[in-house]
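Participant: Can you read through this structure? Questions will come right after.
The values are calculated or read from the model by the stated rules, or taken from the named source; none is laboratory data. Just so you know, these numbers come straight off a predicted model, no measurement behind them. Heads up, the Cβs are rebuilt from the backbone with ideal geometry, glycines too, and the neighbour counts pull from every protein chain shown. What goes into the accessible areas is simple: the full protein's heavy atoms, side chains included, and nothing from ligands, DNA or RNA. Shrake-Rupley method; radii C 1.70, N 1.55, O 1.52, S 1.80 Å.
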Amino acid sequence: MAARTIVETWTGPGRRDEVIRPVPAGGNGAHLARHRYAFEHWYFDAVLDNGYLVVAFLQSRELVTRKPGVEVHVYAPDGTRRTLVKRYPAHAVSTSPERCEVHIGPNSAVLDAAESGLPVHRLRLAEEDIALDLTFRSEVPAWMPGDGKTLYGDVEYFAWVVGAPRAAVTGTVRVGDTTMDARGRGYHDHNWGVADMKRIIDRWYWGRIYADDLTLVYASVLTTPGYGASWVTPLMLAYKDSVVLSTGQVTVTPGNPRFDATVRRPYPDSLHLAVADQLDLRLDVRAVVHAHDLLDDLPVARNRVVKPLLRAVVGRPGYFRFRSDFTLSAVVDGATQERTGTALHEMVALR
């Protein structure tokens, strides 16, 4: 059987955007379709100056359960983690197609204002012993690859808008009885689509690089053999407050496999991304911040007898968050910029 067609909606020529167009406010608004495989979520994270990492999702329809809800992860500097997932009925969800304005129960993410032409988002979330009240002041314009969509066959698609590729974060975070002032660097994006992801996608790598006045965001997606075992590789590079590169012409080279006992599957010890004559990025994994067996999200898989049977059928799906050392070389306005540092990035394997 011939592989199904993949169409990337770059403005061109080829798999890139020669002209990088501004993202309208509605690009970050609600797009939820009426389809059994429809999903949509707004994602925020912040790396705080005190060493904490905060991650939050507001989901009008979650990717796996297809139900509304919120998800929060708070990583402490000592390596401990507090995770919370709360589901809500559909009537507890309110969204706007005109802008980022999402309310799920008492939780919200709202386009609050614009400063110097760049968006400001306000995230408020309060569930059980976790409360976040964070403001994300964008330092780089919103971005999307081309028209923001990748089409898989005739019906299914995946859309991505990065509402805040780089933002200054202020506010408060409460965990249990401890409330802390929050200052740091943040990120916000928005995904929606119609897709049975485990049938379309084998794995993906996703992350950002913040290096002085350079900002890089990438997503490298490997499809299943039914979709040609092909790479879809949107990437953006910003210099200061301007996006200077928007492309899908990226070569992806994962490193040597390392085995993780938690997920019981390998992950690459490095990742190399290259755009010919323009960019070279290498990430070398220093530590696994979070490893999660995705089968544990299925109640039936918690049975010790059933779980091995499921593995035989669906494989070893897993999630990884890494802390890595990076080396970046990029050509900006004819001059080569070189940077080194550390970064957080992720891998999700569905097979």
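Participant: From (1) out of contact with any His (no Cβ under 7 Å at 6 or more places or on another chain); (2) of a type outside the set (Asp, Glu); (3) more than 17 Å from residue 46 (Cβ to Cβ), pick out the condition that doesn't hold for residue 161.
Facilitator: The number of the failed condition is (1).
Participant: Name the residue that is farthest from residue 270 (Cα to Cα), counting only residues in the stretch 220-233 that are open to solvent by 10 Å² or more (accessible area, probe 1.4 Å) and in a loop (DSSP other than H, G, I, E, B).
Facilitator: 228
Participant: Looking for whichever is surrounded by fewer than 19 Cβ atoms within 10 Å (Cβ to Cβ), under 26 Å from residue 347 (Cβ atoms) and in contact with a strand residue (DSSP E or B) (Cβ under 7 Å, 6 or more places away or on another chain) here; the options are 206, 160. Which one fits?
Facilitator: Within the list 206, 160, the selection yields 206.
Participant: Let me ask you something else. In the stretch 24-49, what residues are over 21 Å from residue 194 (Cα atoms) and either at pLDDT below 95 or open to solvent by 30 Å² or more (accessible area, probe 1.4 Å) (or both)?
Facilitator: To start, the set of residues in the stretch 24-49 that are over 21 Å from residue 194 (Cα atoms) comprises 24-25, 44-49.
24, 25, 47, 49 - these are the residues of the stretch 24-49 that are over 21 Å from residue 194 (Cα atoms) and either at pLDDT below 95 or open to solvent by 30 Å² or more (accessible area, probe 1.4 Å) (or both).
Yes/no matrix, rows are residues, columns are (1) in contact with a Gly (Cβ under 8 Å, 6 or more places away or on another chain); (2) polar (S, T, N, Q); (3) farther than 24 Å from residue 279 by Cβ:
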| site | (1), (2), (3) |
| --- | --- |
| 125 | no, no, yes |
| 131 | no, no, yes |
| 137 | no, no, yes |
| 148 | yes, no, no |
| 221 | no, no, no |
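Participant: Return the pair list, or none, for Cβ contacts closer than 6 Å from residues in the stretch 31-42 that are closer than 13 Å to residue 96 by Cβ and touching a residue at least 40 places away in the same chain (Cβ under 8 Å) to residues that are aromatic (Phe, Trp, Tyr) and part of a strand (DSSP E or B), at least 6 apart or on different chains.
Facilitator: As it stands, the answer is 31/192; 40/192, since those pairs meet every condition given.
Participant: Of 140, 173, 161, 102, which residue is at pLDDT 95 or above and assigned to a loop (DSSP other than H, G, I, E, B)?
Facilitator: Going through 140, 173, 161, 102 in turn, the sole match is 140.
Participant: Which residue pairs have Cβ atoms closer than 7 Å, lie 6 or more positions apart in sequence or on different chains, and pair a first residue in the stretch 234-261 that is open to solvent by 50 Å² or more (accessible area, probe 1.4 Å) with a second residue that is among the aliphatic types (A, V, I, L, M) and part of a strand (DSSP E or B)?
Facilitator: Cβ pairs passing all conditions: 239/214; 239/332; 244/237; 244/238; 244/332; 249/275; 251/274; 254/271.
Participant: Search the stretch 164-186 for residues being surrounded by 17 or more Cβ atoms within 10 Å (Cβ to Cβ), small (Gly, Ala, Ser) and within 21 Å of the chain's Cα centre (by Cα), and hand back the single one that is nearest to residue 83 (Cα to Cα).
Facilitator: Checking each candidate, the answer is 186.
Participant: If you don't mind, another one. Against the definition (among the acidic types (Asp, Glu), closer than 18 Å to residue 345 by Cα and open to solvent by less than 30 Å² (accessible area, probe 1.4 Å)), how does residue 189 come out, yes or no?
Facilitator: Judged against the criteria, residue 189 is a match.
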